[in-house]
Amino acid sequence: FEIATTAAEVGIWSMDVANQTLEWSTLHKKMWGYTNLEKELTYEDWHKVIIKEDKETAFAEVENALKTKTLYEVSYRTKRADNGNIHWIKSTGQYFYNNAGQPITLTGVSIDITAQKLFENELMDAKIAAEHATMSKQQFLSNMSHEIRTPLNSILGFTNVLLKTELVPEQKEFVKAIKTSGKSLNLLINDILDLAKVDAGKMTFEKQPFEIRESLKSILHSFNLKVKQKNLELVKEYDTKIPSVLLGDSLRLNQIILNLISNAVKFTHKGKIILSVKLLHEDNENVTIEFAVTDSGIGIAATKINSIFNVFEQAETNTANFYGGTGLGLTIVKQLIESQGGSISVKSTINEGSTFTFILPFGKTNVKSAEETETLKKDSQ
């Protein structure tokens, strides 16, 4: 038994309640720093090595075990008798009683958890340092984005003014180039701000009634010109079982779909882009909807699928040079979806196209759509 407990590094002890004397295993004596292993130890020998600040907690647990006749477990610091080093000890004990219900002995085991406590403290320090670093990064991004946006808005404003003046063709091209670059930079700043907000947990989500069909209609309408310019077809597949008015954040939903369709248009040279909206689940209070954006574009290599949602990550190193973009869009999309309790996945084949599918929950509401309200008015006349 002594060999087994020593191998397990578990110290065993037992206290005679009436005489306040202790019997300690050899390992238990060593754990407390007592080198005279032959000496009989007393309750006072245990008491005096416990750090003053931890005594109250330790004795309170022992006292409670006596009152409730239950097992106790407590961790406390000790100052070793031999060298004064501080160690963390975890003790578990229980009172044993005679037939009259009087406590006879208090018996238990102890283990040294100093290494575990040091590791926990290191983890906590690392966590605090990481949180401070994240906060500093977010503050820096927010400050820099704000400082850049102010002069950038002036640049964009003056380019608009310049374009309305008499310019020779070459000058006009130069000003247009400045405007295009400025708009790209402005988009990057907006993406960085959104990313910083999501990372900081400061991105707020509304719970307001909105007509989902009208929202989707407006989104698709905004792509009409781009789609025509590239001779593409934009198709909507809509599940009519979806309630006409939902409770949620329509602006964030628009931001997600706009980003996904924008990517689809950017990377598709021929064929069509499909926005599919399907009801997955419905109960008395909520609905779950699956959205899918499918394109017939350049596709994504299987080895890159898992990394496209990473910050500043794009499928190929030359993608940004050829197609433009920051690589932040999909990162923001993923975080916006997951922050609302949803999920996103992607399937893709090189030179055949990609499908981005995301699932989002929405609340139900008694608010009627404009079309339903108009119908009710006509019926009541």
Next item on the list: Starting from the Cα-Cα distance between Lys230 and Ile104, subtract it from 0.36 nm times their residue separation and give me the gain in nm to one decimal.
Entry: 36.4 nm
Next item on the list: List the trypsin sites (Lys or Arg not before Pro) within the range 39-111 that fall in a DSSP loop (any state other than H, G, I, E or B) and whose Cβ has at most 16 other Cβ atoms within 10 Å.
Entry: Lys39, Lys69, Arg80
Note to self: At a threshold of 8 angstrom on Cα-Cα distance, excluding pairs fewer than six apart, so keeping six or more, what relative contact order does the range 30-171 reach in percent?
What the structure shows: 15 percent
Check: Taking the Cβ-Cβ separation of Asn160 and Ser222 as r and a Förster radius of 22 Å, what is the calculated FRET efficiency to the nearest 0.05?
Finding: 0.60
Check: At a 1.4 Å probe radius, carbon and sulfur cover how many percent of the accessible area of the range 203-304?
Finding: 50 percent
Notebook entry, point to check: Which percent of the accessible area of the range 56-99 is formed by carbon and sulfur heavy atoms (probe 1.4 angstrom)?
Noted result: 44 percent
Checklist line | Gain on full stretching of the segment that runs from Lys90 to Gln116 - 0.36 nm per residue minus C-alpha separation | finding: 8.3 nm
Next item on the list: Starting from the residue with the highest accessible area, list Phe140, Phe205 in decreasing order, probe 1.4 Å.
Entry: Phe140, Phe205
Next item on the list: Could you compute the FRET efficiency for Leu152 and Lys176, with r as their C-beta to C-beta distance and R0 at 22 Å, rounded to 0.05?
Entry: 0.85
Checklist line | the range 249-301: trypsin sites (Lys or Arg not before Pro) in DSSP loop, at most 13 other beta carbons within 10 Å | finding: Lys270
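At 0.36 nm per residue, minus the direct Cα-Cα distance, what do Thr42 and Leu279 gain on full extension? Give it in nm, one decimal, please. Please list the in-between numbers first.
Working: separation 237, 0.36 × 237 = 85.32 nm, distance 7.26 nm.
Result for the pair: 78.1 nm of gain on full extension.
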Item checked: Where GluC sites (Glu not before Pro) fall in DSSP loop in the range 270-312, at most 13 other Cβ within 10 Å -> Glu285
Note to self: Given a Förster distance of 41 Å, report the FRET efficiency between Lys52 and Glu338 from their Cβ-Cβ distance, rounded to the nearest 0.05.
What the structure shows: 0.30
Notebook entry, point to check: In percent, how large is the relative contact order of the range 55-138, given Cα pairs closer than 8 Å and 6 or more residues apart?
Noted result: 19 percent
Note to self: Tell me the accessible surface of His281 in square angstrom (1.4 angstrom probe, heavy atoms of protein chains only), to the nearest ten.
What the structure shows: 100 Å²
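The values are calculated or read from the model by the stated rules, or taken from the named source; none is laboratory data. These numbers were taken from a predicted model, which means no experiment stands behind them. Virtual Cβ from ideal backbone geometry, glycine too; neighbours counted across all protein chains shown. Note: accessible area is taken over every heavy atom of the protein model, side chains too, but ligands, DNA and RNA are not part of it. Shrake-Rupley method; radii C 1.70, N 1.55, O 1.52, S 1.80 Å.
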